[in-house]
Amino acid sequence: MSDIICIANQKGGVGKTTTAVNLSASLAQNGKKVLLIDADPQSNATTSLGFSRGDYEFNIYHVLTGMKDIKDIILKTSIDGLSIAPSNIGLVGIEKEFHSNKIEEKELLLKRKLSSIKEIYDFIIIDSPPALGSITINVLSASDSVIIPIQCEFFALDGLAQLLSTISMLQKTINPKLSVRGFLPTMYSNQNNLSKQVLEDLEHHFRNKLFHIDGDDECVVIPRNVKIAESPSFGQPVVNYATTSKGSIAYKSLADAILGV
Ligand SMILES: Nc1ncnc2c1ncn2[C@@H]1O[C@H](COP(=O)(O)OP(=O)(O)OP(=O)(O)O)[C@@H](O)[C@H]1O
Ligand SMILES: [Mg+2]
C-alpha cells in the first residue's frame, strides 16, 4: 500500500511545492516508486519537473470530474521511479463542481480516485494550493499524513492554528488515520535573527514534530538557497540539478528522515 503524504499550509509561498517536488525526487533516488500529485491549479509542481502545457492533454481536474481515470493522466518524469499526475489552471473549475451538490461525499472524491493506484506506488506525495478550500480538504482527506512547511520569517506561525484545527476536525470525522508527520522549517537563513527565532519557537513548541535523522540531534532545516530557487526554471528538482548544494543536501535529509535511514 502507498504511504500517502501531503504537503499543506494555506499560507502562500512557504515552500510547499519545493518540498513536494524535492521530497518526491529524493524518495525516487532512494529506489522508491513515487507518484507526485499536483493538486494546485497554479501547477507549479508540474512546471518544476519540466512539463509545459502542451506536453499533456489531461490533468487532475479530469480525474476529479470523472472524465479520466487517474492512470490515464500520469506522466513519467526524467527521474527514474518518479511519475506525476499533472495539474492545470483549469483545476480552479473544480470548486464550482464542488458547490453544485452533484457530487456525494465531496470531501472524499480524491481519496476514491486514488484507490485504483494504491498498490502501485511506495509513496504518493500531494502538493496542495495556498488555501483551506475544497481542494485542500480533499487532499487532507486522501492522505495518511501531512507535512507542514513553515517559512522561517515573520508571521511564520500565522494561520497555523486554523490549519491544525481543520486537521483535527478531519481526524474526528472522515479521516481518523490522518497524522501530522511533521513541521518543516524552510528558507532558513542563519544571518537573520528572525529566522533563528522562528526555529527556536518551533523547537520549543513542536520538538517531537520536527524531522530528525536517527542519531542526529539537529532537526532537518531547509536553508534559503539560491540553487533551490533556480532549479524550477531548469525543470529539475534541486536534488538533481545541484546535487551537492546545501538545499539539495537538506531535502535528501528530509527523505532519509522519512525513510528512517
Ligand atoms: N529554501 C529555499 N531557498 C530559496 N528559495 C526558495 C526556497 N524554497 C522555496 N523557494 C522559492 O520560493 C518561492 C515559493 O516557494 P514554493 O513555490 O515552493 O512555495 P509554495 O508554498 O508552494 O507557494 P504557493 O503557496 O504559491 O503554492 C519559489 O520561487 C521557490 O523557488
Ligand atoms: Mg505551491
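Descriptive notes on the structure:
- Amide N proximity, region 124-157 versus residue 89 label position 7 Å along Cα-to-Cβ, cut-off under 18 Å: 129-130
- For the pair region 18-80 / region 114-159, the C-alpha centres are spaced 14 Å from each other.
- Cα convex hull volume per residue for region 160-261 (Å³): 142 Å³
- Helix-only [θ]222 nm of the chain, DSSP H runs n ≥ 4, -39500 (n - 2.57) each, per residue, nearest 500: -10000 deg cm²/dmol
- Accessible area of region 77-213 divided out per residue, in Å², using a probe of 1.4 angstrom: 47 Å²
- Close amide H pairs (under 5 Å, H built 1.01 Å from N) link residue 37 with 85, 125, 126, 127, residues at least 5 positions away or on another chain.
- What the phi angles of region 161-176 give under the Karplus curve with 6.51, -1.76 and 1.60, with θ = phi - 60°, is a coupling list of 4, 5, 5, 5, 6, 5, 4, 5, 5, 5, 4, 7, 10, 8, 9, x Hz, glycine and proline written as x.
- With 10 Å bins from 0: P(r) over region 1-148, alpha-carbon pairs, percent: 12, 48, 35, 5, 0
- Amide H contacts for residue 184 (H built 1.01 Å from N in the peptide plane; partners 5 or more residues away or on another chain; cut-off under 5 Å): 148, 150.
- The residue list 238, 220, 208 was ranked by how far each Cα lies along the charge dipole of region 186-256 toward its positive end, using unit charges on Cβ atoms, and 238 comes out on top.
- Accessible area of region 15-137 belonging to carbon and sulfur atoms, whole % at 1.4 Å probe: 46 percent
- Taking Cα atoms only, the orientation of helix 16-29 departs from the longest principal axis of the chain by about 90 degrees.
- Calculated on alpha-carbon atoms, Rg and Dmax of the chain in Å: 17.3, 53
- Share antiparallel - DSSP beta bridges, the chain, percent rounded to 5: 10 percent
- Order of exposure, largest accessible area first, which applies to 181, 224 with probe 1.4 Å: 224, 181
- HN-Hα J in Hz across region 82-94 - Karplus 6.51, -1.76, 1.60, θ = phi - 60°, x for Gly and Pro: 10, 10, 9, 9, x, 10, 7, 4, x, 4, 4, x, 5
- Nearest 10 degrees, 0 to 90: helix 193-206 Cα axis against the chain principal axis: 70 degrees
The values are calculated or read from the model by the stated rules, or taken from the named source; none is laboratory data. For clarity, every value in this text was computed on a predicted model and none was experimentally measured. Here the Cβ is made from the backbone with ideal geometry for all residues, glycine too, and neighbour counts use every protein chain on show. SASA here: full protein model, heavy atoms, side chains in, ligands and nucleic acids out. Shrake-Rupley method; radii C 1.70, N 1.55, O 1.52, S 1.80 Å.
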